[in-house]
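In what follows, a single structure is set out as structure tokens and then discussed.
Every read-out reported here was derived from the displayed coordinates using simple, explicitly stated rules and does not represent laboratory data. Keep in mind that what you see is a predicted model, and the values were worked out from it rather than measured. FYI the Cβ positions are ideal-geometry reconstructions off the backbone, even for glycines, and counts take in every protein chain you see.
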Amino acid sequence: MYSEPEVADVEIDLYEALEIRRDASKDEIRQAYRKAALANHPDKVPEDQRPAAEIKFKTVQEAYEILYDEDKREVYDRHGMAAFNGAGEPGMGGAPDLDDLLAQMFGGMGGMGGMGGMPGMGGMGGMPGMDGMGGGRRGKPGKSPDEQQDYEISLEDMYKGKTVKFASVKNVICSLCDGKGGKEKAKAKKCSTCEGMGHREVLNSMGQFYTRSTVPCAVCNGQGEFFSPKDKCKKCKGKKTVEQKKMLEIYIPPGAVEGEKIVLEGEADQVPGQKPGDIVFRLVQEEHEVFDRSGADLRAEIVVTLAESLTGFQRVVLKHLDGRGIEINHPAGQVLVPNQILTIRGEGMPMKRSEKRGDLYLLVTVKFPNSKEGWKPTPAALEQLKGMLPKPAEPIQASPVDEVDYDAEGDLAEFGAADNEGAWTNVDEDDDEEGAQCTTQ
Ligand SMILES: [Zn+2]
Ligand SMILES: [Zn+2]
């Protein structure tokens, strides 16, 4: 059922709501708030104007809560109300820096679950985050959201294993207020915007349609209550948590694979009343210039000269991921041909919890001599070479046309371009299987 639109479904400019300039100072914001709150207080207006005043009053309150808080003001200035009410204009939710920005500013605060309504924020808990949030207060301790992030790692490090130390900043329960958010004797006020529920319904307009969704309340950060500015804890400024730097270490074992998860238990942001979640690193393998990997096997190209391919050789053909040289001793008289594969057993990736290793596949490329690079044998030498190499096969039985001209630098990309339209359709007379296949491509 459609009812009176709520505050959040119309894009209201918070600065306009308080009738202040965009560069207003905190003092100006507070003064403007007092003035506007008094003027619009529902108790101060005649009965018939009360619903309208109530909405205006809530807007003013919301504007104050967001603009007076420097962090939230910055988010608002950059992303508008979409960052707070989950109305998520299409294409905006996925803004890559928003996750980081919010995570960095609000960390694991209850309000974070609030942002979960936004597309692209799934990792931080989304709506399920709300259960955890409320759960804390209802004495049903949940777990704060896990923090997932990708960790790019080189193939060398996956081969050898690696220990990574890094400084992490996480939110920990404020030691001054013990996670309460307010001064010792202060009592939190019930949030009037959400009537203490911590969340509220908003109408999102999608063209001419409206959809209803429940979003955590931005005014109280989904807590259902908040401390007035003067009652807020001095140390955490009412956020209940403070940032703390900590050195963390992760160990990536030799043979680690793409997508593998390294878990740092309990190292995610702390949330009052909840068990801290984990920091989870998902390994992402960087592209490698030389090696391809499939499971525990590795593949690389080696280049040999035509002379080597014909006469054999013994030399290092490849530098392995740990820096060792892979030496091949190819006997004289055994010709190596282009695209031949040499498999070296046990020279692939290490396998975890095992002494076994994958295999190394070497794809042979034969580098032919090139007259442009100065290969100019004498006619006598060429005659000699011809005498040594096998003779051509039986001649093809057909009478030759006039000598043809040809381009020695042809390009297969042009294949089929001469008559693009006719490329496949001229097989139509042939009603055999192959013709049918071709026409469907
Ligand atoms: Zn505190
Ligand atoms: Zn609220």
Hey, what did region 172-254 get for relative contact order, percent, Cα under 8 Å, at least 6 apart?
39
Pairwise over distinct Cα atoms, reciprocal of the mean inverse distance: report the Kirkwood radius of region 292-376 in Å, one decimal place.
14.1
Which order do ILE252, ILE326 fall in if you start with the one that has the fewest other Cβ atoms within 10 Å?
ILE326, ILE252
Of the listed links LYS187/LYS237; LYS189/LYS237; LYS35/LYS239; LYS189/LYS232; LYS187/LYS234, those spanning more than 23 angstrom between alpha carbons are LYS35/LYS239
Of the peptides 264-273, 339-348, how do they stack up when ordered by the mean number of other Cβ atoms within 10 Å, highest first?
264-273, 339-348
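Can you tell me the FRET efficiency between LYS245 and GLU28 if r is taken as the Cβ-Cβ distance and R0 is 30 Å, rounded to the nearest 0.05? The partial results should precede the final answer.
Numbers: r = 34 Å, r/R0 = 1.15.
Efficiency at R0 = 30 Å is approximately 0.30.
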